[in-house]
Structures are given as C-alpha cells and as structure tokens.
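Novice: My questions all concern the structure below.
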Amino acid sequence: MGGVALGWGEGWRVGWPVVTFDIDRIRAQFPALALADDGQPRVYLDNPAGTQVPQQVIDRMVDCLVRTNANMGGQFRTTIDATELVHQAHLAMADFYHANSEREIVFGANMTSLTFQMTRSLGTLFQPGDEMIITAMEHDGNNTPWRLMAAERGMVVKTLPFDPHTYEFDLAALDALITERTRFAALNMASNLLGTINPIKEMCARLRAAGAITYIDAVQYAPHGPVDVQDLGCDFLVSSAYKWYGPHQGVLWGREELLQTLPVWKLEAAGNDSPNRWETGTQSHEGQAGCIGAIEYLQWVGREFGDDYRHLAPAGSSERTADIHAAMRAMAAYEEQLSERLITGLRAIDGVEIRGITNLERLSQRVPTVSFTRDGLDNAAMAKHLAAHNVYVWNGHNYALPVVDFLGIREQGAVRVGPTHYNSLDEVDLLVELVGDYLRAN
Ligand SMILES: Cc1ncc(COP(=O)(O)O)c(C=O)c1O
C-alpha cells in the first residue's frame, strides 16, 4: 500500500488541501510494526492504551543509558550531560504544549501519579462548600483523585453529563452547573472510550470567567491533535508520552505562577523553583530522553507530510512547535479516513452499536478510538477471537468508569478499537471482517 490521498475536512479542517500520507514510510519508523508471530503480522489497534515507539525513541533512550547515566548536578562529564539532557527534555515538552517556559513542565511517572500529586497541593486552596465540576466523560485518572480531594476538603462535586445520543457535551448544561462557588473543574479533552473531542477552549473560558481553576486530561487527545495550552486558556494540562509514541512518562503543564506558589510536598534538600519542587526524587532520565525522541519523530512527520498545515501553527511559535502541529494535523486528517472506514464497516454489522460519534460529517470532533457493544456479546471472547488472529483490541470499562456508569454498561463494558496514524486502511478492513465473522457465528 503506498500513499493515501486525503479528502477535504470540515470544522477547523475546512479547506485543507488533499495531501499524500505515505503510510509505508510512517510504518518503517516503528520497529514493532514489522513483527509477526507464526507468519501473522501484529495488528496494533490497542493504541488508546499505549502506542508503539519509533526508532528515534529507542535510540534516545539507549544513548541516555549508555552515555548519560548519572544523577544531576555534579561536576563530571556524565552528570553534566544528564543535567543538560533533562533541561532539553523540558524545553522539548514546552514546545510540544506550546508553553511559555520550560519551568511550566513537570515530568512524572504517569498521568495518574501526577494528578494525585496535584490534588495534595490544589486541595489547600479549597474550603468546605466550594464546588468542583467533573465530567461524565472522564477516565478514572481524572475522576477519583479529584473526588477524594473533594471529600477531604468538604467540596461539592457536580457532574457534567454528555448527550447519550450525540456523545457530546451541551455547553448550556455546563453554564447551568457554574455558580459563584465553582472553584475547580477537571475536564477530559478526548474520551478514551467514546473518542469525542471536547470543546475545551470554550469550557475553560466559561470556567475562568467564574474564577475556577481548570485541569485538563489530554492523555487521549495528545496522540491525535496539536496541543496549545496558551490558546486553550486552561490552568493545568497533562498527557502521557506512552500514548503519543514515546516511553512511559507523564508530563504535566501548569501556569508558572501556580507552579511557583502552590504548597508542595517536597524534600527540604530539593530545590524550591519549578519544576524542581514538583519532580520529587530522581526522575526517569531515559524516559525524558525518549520524550525528546518522540518529539523528533513528530518533527519528522511534520516536515515530511505537514507542509500544507504549517500556516496554522500558533503565531510566533518555535520551529519545533510548528513542526509538531503540522505533524498532528496531517496525522489527524489521515485518521479521519481510518475513522470513516471503521465506523462504516462496524455499522454495517447486524446488532453492533457504536458508543460514540458516528455522524461522518462530525469526524473532526472525534479521535479514531471507536468502541462498540452488541446485546449479549461477551466482549472478552470477542477480543480473544481477534487476538487469535494477532489483532489487538481492548475490552471492558477501560478505566472510563464515569462513562460506563453513565451508559449503564459497567459490567460488560465495550470492545474498543483504537487505530492511530500508523495503522493502514487494510488493517481496519481486516478488523471489520473478523468482527463480522465472529458476530455472525456467535
Ligand atoms: C483519558 C485518560 N486519562 C488518564 C489516563 C491515565 O494515564 P496514566 O496511565 O499515564 O496514568 C489514561 C490512560 O489510559 C487515559 O486514557
């Protein structure tokens, strides 16, 4: 299969020109995509739970472990190099998020750990009776930590529902929840089960006007679209590099004035400037090196496939931010094709219900993560059937507890198919064929 011509988008993609996305060249960057077992190629449709990594990530991590393996702040060669590497990783992530400064970047083990850490500090700002808004689209990582904080501080929690038919939020419903006591909101940027991309900028504007602090979970959005924290107008945003082609790392962005002034639980010996005051203990330097590698890969994609999107980069942004944004837009445009093929194929199978946006006119409002159910279907058996053909999908609640509870499907959950920009249309066709065969027989 060679280049794939893209059609015209809609929404923020209106007027984007047709480009060729050379899927073979993309796939060649990822060693894991070439693996086969007993002659059966591995088909990775499990990407919402974690993506494969390009060679740049592997090279960066190996190089870190070979040449830069020391703690920071010393006088000799390896420690000096390690200190510089960590600084470079913060600079790279500042460009990834389009942050104002590398001091706004905090690395951590993963999104969940960073979020629990932030509950300790943010909780000190709130009083009994203060209100928090959480959405029904959260992954549990952006749900339980805040509910525990609310219980500890005596806060009132309000849940923003989504429309169970359109799988989108109604901003009027958000307006109805906001009061003069609203102090905090935890918002999902793209659902890891439904795939919906939420209007975070509009939501943050409303919450900011009410004086609330906003914390954005961009874990599922970041692999599929450009992130611009300055444009979003949020206070915190977090993603996990292992979802966007990097290693197992969480990376948080926060407004510098908050990161510098919030109380922190830190060692006396550790520095009190951001990010040192947040990055407790010794961090994974090889993980941070891998993040640089993932960003270098994205820069390559942007330069190779993103020319037509460069003019959409944030005004005045660095070359690296422009490359990353161009890459994300090129990837998103290709992924719309994957979404269309997947949704169209699954919908044609008797009894399948897709839990997410299926309107082909609104594909720009979703990432290509497509979850489905069928009455009486044993989702684990379905996933096992696909695994027997070396096709990887997830089943169950996928940690999206608020979502499955809202839909009343916590027990059975759903089958989640999560292609990303390195998947081919042929892989999607194979998945659809296997699902159809299984459901006709069971
Ligand atoms: C939307 C979303 N938020 C949060 C998380 C938790 O991320 P981590 O595994 O980095 O803690 C995930 C993981 O799947 C997720 O999909």
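Novice: Would you mind pulling out the separation of the Cα centroids of the stretch 23-79 and the stretch 212-268, in Å?
Specialist: Here the two parts' Cα centres lie 23 Å apart.
Novice: For the stretch 107-131 and the stretch 324-366, write down the distance between their C-alpha centroids in whole Å.
Specialist: What the calculation gives is 34 Å, centre to centre.
Novice: Now, a different point. Loop only by DSSP, 16 or fewer other Cβ within 10 Å of the Cβ. Give me the GluC sites (Glu not before Pro) in the stretch 264-342 that pass, ordered by residue number.
Specialist: On the way: sites: GLU268, GLU279, GLU286, GLU296, GLU304, GLU319, GLU335, GLU336, GLU340; in loops: GLU268, GLU279.
When the GluC sites (Glu not before Pro) of the stretch 264-342 are filtered for loop state and at most 16 Cβ neighbours within 10 Å, GLU268 remain.
Novice: Here is a follow-up. Can you give the helix-only mean residue ellipticity at 222 nm for the chain, where every DSSP H stretch with n ≥ 4 adds -39500 (n - 2.57) and the sum goes over all residues, rounded to the nearest 500 deg cm²/dmol? Write out the running numbers ahead of the final one.
Specialist: Values: 14 runs with 174 residues, N = 442.
That comes out to -12500 deg cm²/dmol.
Novice: Under the rule a/c < 1.5 gives rounded, and otherwise a/b versus b/c splits prolate from oblate, where does the stretch 265-407 land using the Cα gyration tensor? Walk me through the intermediate numbers first.
Specialist: On the way: a/c = 2.39, a/b = 1.42, b/c = 1.68.
Taking the square roots of the gyration eigenvalues as a ≥ b ≥ c, the stretch 265-407 is oblate.
Novice: Sort PHE96, PHE305 so that the residue with the fewest other Cβ atoms within 10 Å of its own Cβ comes first and the one with the most comes last. Each step should come with its number before you reach the end.
Specialist: Working: PHE96 28, PHE305 25.
Least to most surrounded, the residues fall as PHE305, PHE96.
Novice: Just to compare against my own numbers: the Cα pair-distance distribution for the stretch 58-295, 10 Å bins, whole % per bin, please.
Specialist: Using 10 Å bins, I get a P(r) of 8, 32, 35, 18, 6, 1, 0 for the stretch 58-295.
Novice: Sort HIS90, HIS311 so that the residue with the fewest other Cβ atoms within 10 Å of its own Cβ comes first and the one with the most comes last. Let's see the in-between values first.
Specialist: Working: HIS90 21, HIS311 8.
So the residues, fewest neighbours to most, are HIS311, HIS90.
Novice: Provide the three semi-axes, in whole Å and in decreasing order, of the ellipsoid equivalent to the chain as defined by the square roots of 5 times the Cα gyration tensor eigenvalues.
Specialist: Working: eigenvalues 218, 160, 85 Å².
Here the semi-axes work out to 33, 28, 21 Å.
Novice: Rg/Rh for the stretch 299-379 to two decimals, with Rh computed the Kirkwood way over all alpha-carbon pairs. It would help to have the intermediate numbers written out before the result.
Specialist: Working: Rg = 16.8 Å, Rh = 14.4 Å.
Expressed as Rg/Rh, it is 1.16.
Novice: Order by neighbour count: LEU174, LEU148, LEU187, LEU160, fewest other Cβ atoms within 10 Å first, most last.
Specialist: Details: LEU174 20, LEU148 13, LEU187 27, LEU160 24.
Taking fewest neighbouring Cβ atoms as first place, the list is LEU148, LEU174, LEU160, LEU187.
Values in this text are rule-based calculations from the coordinates and carry no lab data. The model shown is predicted, which means the values in this text are computed figures rather than measured ones. Neighbour counts are summed over all protein chains in view; Cβ atoms, including those assigned to glycine, are modelled from backbone coordinates with ideal geometry.
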